[in-house]
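The values are calculated or read from the model by the stated rules, or taken from the named source; none is laboratory data. As the structure is a prediction and not an experimental result, all values here were calculated from the model. Neighbour counts are summed over all protein chains in view; Cβ atoms, including those assigned to glycine, are modelled from backbone coordinates with ideal geometry. Keep in mind that these areas ignore ligands, DNA and RNA; they rest on the heavy atoms of the full protein, side chains included. Shrake-Rupley method; radii C 1.70, N 1.55, O 1.52, S 1.80 Å.
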Amino acid sequence: MDIETSLLLLAAGVAGGIINALAGGATLITFPAMLAAGLPAVIANASNAVAISPGHLIAALADRGRLPPPTLRTINFVAASTLGGAIGAGVLLLLPERLFVLPVPGLIAFATLLFAFAPQIQSWTVGRQTSAALPSTGASSAVLGLACVYGGFFGAGLGVILTAVLSITEPNDIRAIKALKNLLATCVSLAATLIFIVQGAVRWPETLVMLVGAMIGGYAGGYLIRILPAAIVRQFVLVAGAVMTVVYAARYWF
């Protein structure tokens with residue numbers, strides 16, 4: 001790995017850490033950076049997942065006071081999320097490279113759209129906070145499990161998806177939903193990254209450089225959140241996602 005590639009990955013990690021701290025959506029920056037570094041698409045996706053995985057855990061620990069008690073329903077959600085993440089990671093590693101690269105532009109576009117409409121989803125989530133009867137634990141776990149399969153396979157936009165699902169299955173205060181979302185995203189991330197590591201799908205030099213950058217960016221984001229408007233960060237991420245969609249559509253589809 002040359003110095004230019006190292007600097008690219010470090011910068012992408014820093015940007016991703018800041019973006020996650022302020023608005024979310026780091027994968028729309030970090031995954032294309034892994035591709036630009038020359039990694040095959042599957043390896044790039046797995047390495048990116050490992051590099052940014054600590055962010056989910058940090059977010060969950062930061063608001064652990066709002067986590068739900070370990071009821072049977074919560075345990076089922078954790079189990080479904082972990083299993084879904086493992087299945088998604090397994091599917092990714094079983095796919096031939098040529099079959100994974102085909103949906104890459106679509107996956108980036110989908111994640112960009114999710115990020116674009118996240119405020120509307122947030123507003124809808126708040127509107128769902130009623131005393132309506134909860135869906136059964138089995139049905140809720142199944143829906144969450146399916147969402148987490150996507151999370152283990154690609155992951156970008158998973159937080160938005162989980163927030164939307166939990167707003168239906170768990171009418172509660174929004175902060176509790178966010179805390180549970182972070183916990184479940186952590187389960188998905190840990191399950192997927194463990195499989196990626198065990199199966200040797202991670203390119204460690206690139207991953208460690210980006211991981212260092214993400215930690216620096218996360219720390220810096222904690223300061224910048226006080227002075228940098230989140231709207232500016234959101235606009236940057238949306239433009240980057242749109243550009244990356246076009247770039248990789250041109251590369252893989254035309």
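Values for this structure:
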| read-out | value |
| --- | --- |
| Flag if Gly38 is over 15 Å from the mean Cα position of the chain (by Cα) and either among the aliphatic types (A, V, I, L, M) or surrounded by fewer than 17 Cβ atoms within 10 Å (Cβ to Cβ) (or both) | yes |
| Residue in the stretch 74-89 that is open to solvent by 20 Å² or more (accessible area, probe 1.4 Å), closer than 12 Å to Phe154 by Cα and more than 15 Å from the chain's Cα centre (by Cα) present | yes |
| Failed condition for Leu67, given (1) over 13 Å from Thr193 (Cα atoms); (2) at pLDDT 90 or above; (3) not small (Gly, Ala, Ser) | (2) |
| Which listed residue is among the small types (Gly, Ala, Ser), open to solvent by 10 Å² or more (accessible area, probe 1.4 Å), modelled with pLDDT under 90 and under 20 Å from Leu28 (Cα atoms), from Gly221, Gly159 | Gly159 |
| Candidate set: the stretch 224-235, residues that are open to solvent by 40 Å² or more (accessible area, probe 1.4 Å) and touching a residue at least 60 places away in the same chain (Cβ under 8 Å); chosen: the one nearest to Pro105 (Cα to Cα) | Arg234 |
